[in-house]
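J.: One structure, pasted below without further comment.
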Amino acid sequence: MDLRWFDLQNGSDIRGVALDGVAGEPVTLTPDIVRPIGFAFAQWLAEKKNTK
């Protein structure tokens, strides 16, 4: 699986298309992409709040 993380980066944000419907814009935020992003955010938040 070719995860092109830097294609989604916009400064400090993650940007992409989650649903079909915009002509010429392929879906870039698939479950395979957002799952590790969400997991990493949850880990970061748990460390910041010092919980597990």
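We did not get these values from a lab; they are worked out from the coordinates using the rules stated. Predicted, not measured: the structure shown is a model, and the values here were computed from it. All Cβ positions, even for glycine, are placed from backbone atoms using ideal geometry, and neighbour counts span all protein chains on display.
J.: Does L29 meet the test of being surrounded by 10 or more Cβ atoms within 10 Å (Cβ to Cβ) and touching a residue at least 24 places away in the same chain (Cβ under 8 Å)? Spell out how you get there, then give the answer.
T.: Numbers: surrounded by 10 or more Cβ atoms within 10 Å (Cβ to Cβ): yes; touching a residue at least 24 places away in the same chain (Cβ under 8 Å): no.
No; evaluated as a whole, the condition is false for this residue.
J.: Looking at segment 2-19, is at least one residue outside any loop (DSSP other than H, G, I, E, B), surrounded by 10 or more Cβ atoms within 10 Å (Cβ to Cβ) and aromatic (F, W, Y)?
T.: For segment 2-19, residues outside any loop (DSSP other than H, G, I, E, B), surrounded by 10 or more Cβ atoms within 10 Å (Cβ to Cβ) and aromatic (F, W, Y): present.
J.: Pull up segment 32-52, narrow it to residues that are among the aliphatic types (A, V, I, L, M) and surrounded by 11 or more Cβ atoms within 10 Å (Cβ to Cβ), then point me to the one that is farthest from the chain's Cα centre (by Cα).
T.: The first filter runs over segment 32-52 and keeps only residues among the aliphatic types (A, V, I, L, M), leaving 33-34, 37, 40, 42, 45-46.
Filter once more, keeping what is surrounded by 11 or more Cβ atoms within 10 Å (Cβ to Cβ): 33-34, 37, 46.
Details: I33: 6, V34: 4, I37: 5, A46: 18 Å.
Of everything passing the filter in segment 32-52, A46 is farthest from the chain's Cα centre (by Cα).
J.: While we're on this one: Whether any residue in segment 35-51 is part of a loop (DSSP other than H, G, I, E, B) and either without any contact (Cβ under 8 Å) to a residue 24 or more places away in the chain or of a type in the set (S, T, N, Q) (or both) is what I want to check.
T.: Checked against the condition, which is being part of a loop (DSSP other than H, G, I, E, B) and either without any contact (Cβ under 8 Å) to a residue 24 or more places away in the chain or of a type in the set (S, T, N, Q) (or both), segment 35-51 yields at least one hit.
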